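Asker: Quick one: the structure is below, questions incoming.
The values are calculated or read from the model by the stated rules, or taken from the named source; none is laboratory data. Not measured: the values here are computed from a predicted model. As a convention, Cβ positions derive from the backbone with ideal geometry for all residues, glycine included, and neighbour counts pool all protein chains shown. Areas reflect the complete protein model, heavy atoms only, side chains present, ligands, DNA and RNA absent. Shrake-Rupley method; radii C 1.70, N 1.55, O 1.52, S 1.80 Å.
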Amino acid sequence: YVDLTGGQARSLLCVPLVYEGRILGALTLEKTEPDGYSESDAAFITQLANQAAVAVVNAELYADMSASRDRLAAVLNSVQEGILMVDRSGRILLANRQASRFTGLPLDELEGARFDGLPEAVLHRLGCSAEEARGWSAALERGEAPEILRQTVDAGRVEGAAGPEVMLERSILPVWARSGRPSGWMVVLRDVTEEFEIARARELLTATLVHDLRSPLSAVLGALEMMS
């Protein structure tokens, strides 16, 4: 017992905060006169205690969810791929820094926005249209998961950014709930600019070698034909 009135209390009403058999704390009231609380007072305070217990549990759950979200965000921000998590209704729940860099939009403009409501230039960088995005959301509403869609997109340059044009490999992956139904989809963006440049350089080198070899071979074949 903690004396909060300096010894002046003559009545005390203490009601535990209980949620699913777990005691979370207590709600304590004190008065200076004896017999200060009636049965109706106890019933009313018990109702308040029950509501307070639910509020405490919700606060704990929110804190746990916030901590889990922070840990997930830290993991997502440590990878090189851009990631967008989209729910069944087509709203972006989570995005990492790489997705912000690839799309050219700040995180606070990505998270909470509708995927099909993104600017046309951003959707172009993601290799889709607003109609396609709405089609994916409609399929999820019907309980159908979109097929794994992989596409290489010439994303150009992000407005205001320096450097060469960016080539992105965009993948659309379904996210499954515990019930076995699709609960959303994930957009994964991988920067394949270097790979694309290497492949293009290889093709150019091959074409150059073929052209350079073709000229002397043509001369040799021409000489052989004249000799024959």
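Asker: I need the full set of residues from segment 50-91 which are at pLDDT 85 or above, under 30 Å from residue 125 (Cα atoms) and open to solvent by 30 Å² or more (accessible area, probe 1.4 Å), in order please.
Answerer: 81, 85, 87, 91
Asker: What strands (runs of 3 or more DSSP E) lie completely within segment 1-97 and have 2 or more residues being over 30 Å from residue 116 (Cα atoms) and free of Cβ contacts under 8 Å to residues at least 40 places away in the same chain?
Answerer: 11-19, 22-31
Asker: Let me ask something else. Identify, from the list 178, 202, the residue that is modelled with pLDDT under 80, over 24 Å from residue 119 (Cα atoms), assigned to a loop (DSSP other than H, G, I, E, B) and open to solvent by 90 Å² or more (accessible area, probe 1.4 Å). Quick ask: steps written out before the conclusion?
Answerer: On the way: 202 fails: assigned to a loop (DSSP other than H, G, I, E, B).
None of the others qualify; the one that does is 178.
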